[in-house]
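Just so it is clear, none of the values below were taken in a lab; they were calculated from the coordinates. Every value quoted in this text rests on a predicted model; they were computed, and no experiment measured them. Quick reminder, even Gly has a Cβ in these numbers, built from the backbone with ideal geometry, and neighbours come from all protein chains shown.
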Amino acid sequence: MKPRPRLALLGAFAFPAPQGSQVYAAGQARALADAGAEVELFAYDAGTGPGPPELCLRRTRPGLAPTGFHSGLHPRKLAADAALGACLLEAHRERAFDAVLAHNAEAALVALSLRPRLQIPVVYVAHTLWRYELSAYARLGRASAAIGGALDRWLASRADAVVALTGDAARELGPHARGPLVTLPPGVQPVVADTDEVTEACRRAALRPGGYALYAGNLDAYQDLGVLAALARHAALPIALATHAATAPTTLAGARVLTQIGVREAAALARGAHALLLPRERPGGFPIKLLNYWTAERPVVACADAADGLVHGDNAWLVPARAGAQIWARALEALEDARLRERLVRGGRRALARRHAWPELAHRTLALVEQIRGSHPAPLRAATRVVAL
């Protein structure tokens with residue numbers, strides 16, 4: 001009987017946390033375990049609680065990682081990443097892994113630096129294209145695209161395989177990948193609010209059910225939220241933003257920003273909205289919030305570059321990149337048509353069923369791991385703990 005593949009999922013982020021990367025990694029870990037793999041998830045010890053009991057979770061010691069959940073660069077991450085790598089090495093010595101799935105660039109850098117010692121393949125799970133996203137974190141002007149693009153190419157050329165979340169990422173990384181590259185969007189684990197939860201969430205937020213447009217997610221710069229602040233001055237409906245963050249930037253003045261919103265409350269607010277908003281313009285990543293929006297069964301207005309699988313008039317109402325607030329306002333006006341709203345909701349259901357079922361995505365991920373395992377020496381399966389004398 002073939003042994004179960006033993007996989008390390010490495011994330012340079014606080015865990016658990018109500019953010020897309022963490023939700024995606026947790027969903028992937030569950031799906032791979034359900035598909036027959038033995039999975040351990042590695043992350044910083046700076047999350048909101050001990051972590052889901054069904055996941056085998058190893059975290060760095062407290063106090064190393066930055067507090068809060070904002071994405072981007074932070075000097076304290078250097079120590080946290082070193083501890084993350086040490087945690088992975090210790091677990092590998094105890095019982096060897098067959099492969100590492102490194103989530104995003106930072107975790108991939110940690111895993112690749114340890115590959116000579118691990119002697120197992122590293123799969124780069126590319127959450128985004130840094131050619132487009134680096135400018136959201138570093139004030140480097142035009143150099144951001146060049147530096148971010150160089151990082152994209154370097155990671156693809158060093159990793160044993162690449163999982164790209166979108167076709168845009170696959171097209172950019174594919175020519176530089178030294179191993180196989182597959183395009184696998186995230187799966188969905190739906191959180192569906194009932195009618196009572198919707199009513200209570202709207203009451204707490206002082207919003208009328210069906211009488212507002214909503215963005216639900218983090219407030220980091222790469223989300224391109226400036227258009228929503230401008231939209232609040234043009235739209236007939238209130239524009240609300242629901243976030244787990246404790247504070248909101250002053251740049252969002254004019255919109256209704258609801259802070260410290262939990263996962264279920266965000267799902268309830270989404271289900272109670274007239275429309276759900278996705279203004280992100282940067283290509284390459286796949287926003288988990290789009291899956292949450294489709295699960296809420298409310299029509300979506302999105303930037304055309306926001307994600308793979310968006311079809312204008314079928315599962316979303318699309319506006320061009322860098323469209324002004326007036327175009328977004330007209331999109332909301334178009335959704336007054338009940339037949340259009342229902343068509344978009346049906347399209348969202350189809351998209352979830354066709355492209356975002358975790359069992360199929362986990363099967364394809366395990367097939368990729370099996371494909372690359374032959375290029376590395378078989379890991380030692382016996383438990384081998386190093387004891388300091």
Taking the highest mean first, how do the peptides 190-196, 111-117 order by number of other beta carbon atoms within 10 angstrom per residue? 111-117, 190-196
At 24 Å minimum axial length over the Cα atoms and a Kyte-Doolittle cut of -1.0, report the qualifying DSSP H helices in the chain, or say none. 77-94
Ranked packing of 219-230, 119-130, 240-251, most packed first, by mean Cβ within 10 Å: 119-130, 219-230, 240-251
Checked against the positive end of the charge dipole of the chain (+1 on Cβ of Lys and Arg, -1 on Cβ of Asp and Glu, about the Cα centre), the farthest of LEU84, PRO116, THR250 is PRO116
Residue span THR195 to GLU297: 0.36 nm per residue of separation minus Cα-Cα distance leaves a gain in nm of 35.4 nm
Along Cα→Cβ, 7 Å out, is where each label goes; now give me the distance between the ones at ARG343 and ARG203 in nm to one decimal. 3.8
What length, rounded to one decimal in nm, is gained on full extension from VAL182 through to CYS56, with 0.36 nm per residue of separation minus their alpha-carbon distance? 42.8 nm
Segment THR247-ALA321, length gained on full extension (0.36 nm per residue, minus Cα span): 23.9 nm
Let me spell out the model: positive unit charges on the Cβ of Lys and Arg, negative unit charges on the Cβ of Asp and Glu, origin at the Cα centre of the chain. What dipole size does that give, in debye rounded to 20? 460
Dipole check, the stretch 195-355, charges on Cβ (K,R +1; D,E -1), about Cα centroid: among ALA240, GLY217, ALA275 the Cα furthest to the positive pole belongs to ALA275
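Using helices alone, what [θ] at 222 nm do you get for the chain, with -39,500 (n - 2.57) per DSSP H run of 4 or more residues, divided over all residues and rounded to the nearest 500?
-12000 deg cm²/dmol
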Quickly work out the ALA150-to-ALA79 label distance, labels modelled 7 Å from Cα along the C-beta direction, and quote it in nm with one decimal. 2.9
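Which peptide among 201-214, 34-47, 12-25 comes first, and what is the full order, when sorted by highest mean count of other Cβ atoms within 10 Å?
12-25, 34-47, 201-214
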